[in-house]
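Chemist: Got a structure here, written out as structure tokens. Questions coming.
The values are calculated or read from the model by the stated rules, or taken from the named source; none is laboratory data. These numbers come from a predicted model, not from an experiment. So basically every Cβ, Gly included, is an ideal-geometry build from the backbone, and we count neighbours across all protein chains shown. Areas reflect the complete protein model, heavy atoms only, side chains present, ligands, DNA and RNA absent. Shrake-Rupley method; radii C 1.70, N 1.55, O 1.52, S 1.80 Å.
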Amino acid sequence: MLRKFLDGLYTLSGVLAAAFLAGIAISIIAQIIGRALGYTVDSTEISGLFMAASTFLGLAYTFRDGGHIRVGLIVSRLTGGRRKVVELWCCVSTALLMGYIAWQAVLFAWQSFEFDDISPGLLAIPFWIPQSALAAGLVILTIALVDAALAVARGEEPGYDKNSEAALE
């Protein structure tokens, strides 16, 4: 049941990332149409915010699917217990680092909410809204890293190894 929830969380994160990419296209089309009709549409600001949301929300999905670039010069040459120890160290140390960064991103978004920070552009968007997408993406990536570390510790194939053979071809 937990596996189904986590896979659903990673998929939802990926779908949201794709939706924000589509939002970029829609905002640019709106700017083009607005310009033709004599209206000002600030697609630059909203596109930048959508790009940040798309990037960070797509991290966990891409990691789980094995889409991130990994340098396996050492790990690929190891076998058995040595490989497991190195993989586990990589997953745990990265989860700790990303957990710290995610915590700081959550605090940053919360402070922007408390101080009512507003973007300086035409749209005057409260900064906590796009910062929340960034923080959510980092939190979900941290969860995916812990999930991968647990899989490695149990001797299972972590999700990021699914496409490792395809990347070598």
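Chemist: Keeping to region 77-110, report how many residues are without any contact (Cβ under 8 Å) to a residue 60 or more places away in the chain and more than 12 Å from G137 (Cα to Cα).
Modeler: Pass one, region 77-110, residues without any contact (Cβ under 8 Å) to a residue 60 or more places away in the chain: 77-83, 85-86, 89-90, 92-110.
Filter once more, keeping what is more than 12 Å from G137 (Cα to Cα): 77-83, 85-86, 89-90, 92-97, 100, 104, 107-110.
Of the residues in that region, 23 qualify.
Chemist: Condition first: touching a Lys or Arg at 6+ places or on another chain (Cβ under 7 Å), hydroxyl-bearing (S, T, Y), on the phi < 0 side of the Ramachandran plot and touching a residue at least 12 places away in the same chain (Cβ under 8 Å). Can you find one or more residues in region 9-18 that meet it?
Modeler: Yes, region 9-18 contains a residue that is touching a Lys or Arg at 6+ places or on another chain (Cβ under 7 Å), hydroxyl-bearing (S, T, Y), on the phi < 0 side of the Ramachandran plot and touching a residue at least 12 places away in the same chain (Cβ under 8 Å).
Chemist: Given the criterion at pLDDT 95 or above, open to solvent by less than 40 Å² (accessible area, probe 1.4 Å) and either over 24 Å from P126 (Cβ atoms) or part of a helix (DSSP H, G or I) (or both), identify the matching residue among S27, S13.
Modeler: S13
Chemist: Mind listing whichever residues of region 31-47 are open to solvent by 40 Å² or more (accessible area, probe 1.4 Å) and free of Cβ contacts under 8 Å to residues at least 24 places away in the same chain?
Modeler: Result: Q31, I32, I33, R35, A36, L37, G38, Y39, V41.
Chemist: Only one of these is among the acidic types (D, E) and within 15 Å of the chain's Cα centre (by Cα): D117, D65, D161. Name it.
Modeler: Exactly one of D117, D65, D161 is among the acidic types (D, E) and within 15 Å of the chain's Cα centre (by Cα), namely D65.
Chemist: Of all the helices (runs of 4 or more DSSP H) wholly in region 56-169, which have at least 1 residues that are of a type in the set (S, T, N, Q) and buried (at least 17 other Cβ atoms within 10 Å of the Cβ)?
Modeler: Filter on region 56-169 gives 80-114, 128-153.
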